[in-house]
Amino acid sequence: MNGKKLSFPPGSTLIREGAEEPRPSRFLPPNFTIKLRLRHALWAAGGLLVAAGAAFAGARYWAVGRFIESTDDAYVQAHSTTVAPKVAGYIARVVVDDNQPVRSIGAGG
């Protein structure tokens, strides 16, 4: 090796060519893999909950929400006329239709 000394960081290991790579679980505490699997399961469950919530919100919007209209500055404009009888009593029936032209045929009109 030409008299050169190789230096490696502390804690590193040499692996010969063709040798099997060391598995990380050999160097990790035994409960680490259980914690890792639990963490992955919790993340997967959280992702499923988020996806289910998004699907529910999308379905609710599609069924109900897209038909709701609201505004803060709306107004209603209409041409209205107050109808009041000249005699006391209740109106039993009205013999005209909407937007039908009428003319006065009696006295006092």
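Read-outs: derived from the displayed coordinates by stated rules, not from any lab. None of the values given here were measured: they were computed from a predicted structure. Note that each Cβ is placed from the backbone with ideal geometry, even for glycine, and that neighbours are counted across all protein chains shown.
Between LEU49 and ALA63, 0.36 nm times their residue separation minus their Cα-Cα distance comes to what?
Details: separation 14, 0.36 × 14 = 5.04 nm, distance 2.09 nm.
Between LEU49 and ALA63, full extension yields an extra 2.9 nm.
Mind listing which trypsin sites (Lys or Arg not before Pro) in segment 49-109 are in a DSSP loop and have 12 or fewer other Cβ atoms within 10 Å? Mind dumping the intermediate values first?
Values: sites: ARG60, ARG66, LYS86, ARG93, ARG103; in loops: LYS86, ARG93, ARG103.
Here the trypsin sites (Lys or Arg not before Pro) that fit, given the DSSP loop and packing criteria, are LYS86, ARG93, ARG103.
Given R₀ = 30 Å, FRET efficiency for PHE56-LYS35 by Cβ-Cβ distance, to 0.05?
Working: r = 31 Å, r/R0 = 1.04.
E between PHE56 and LYS35, to the nearest 0.05, is 0.45.
Please give the FRET efficiency for GLN100 paired with SER80, using the beta carbon to beta carbon distance and R0 = 25 Å, rounded to the nearest 0.05.
On the way: r = 17 Å, r/R0 = 0.69.
My answer for the efficiency is 0.90.
Taking loop as defined by DSSP and a crowding limit of 13 other beta carbons within 10 Å, which chymotrypsin sites (Phe, Trp or Tyr not before Pro) in segment 67-109 fit? All intermediate terms of the calculation are to be shown ahead of the outcome.
Details: sites: PHE67, TYR75, TYR90; in loops: TYR75, TYR90.
Within segment 67-109, the qualifying chymotrypsin sites (Phe, Trp or Tyr not before Pro) (loop, at most 13 other Cβ atoms within 10 Å) are TYR75, TYR90.
What does the C-alpha gyration tensor say about the overall shape of segment 70-109? Classify as rounded when a/c is under 1.5, otherwise prolate if a/b is larger than b/c, or oblate.
Working: a/c = 2.70, a/b = 2.20, b/c = 1.23.
Prolate shape, in that a/c is at least 1.5 and a/b is the bigger ratio.
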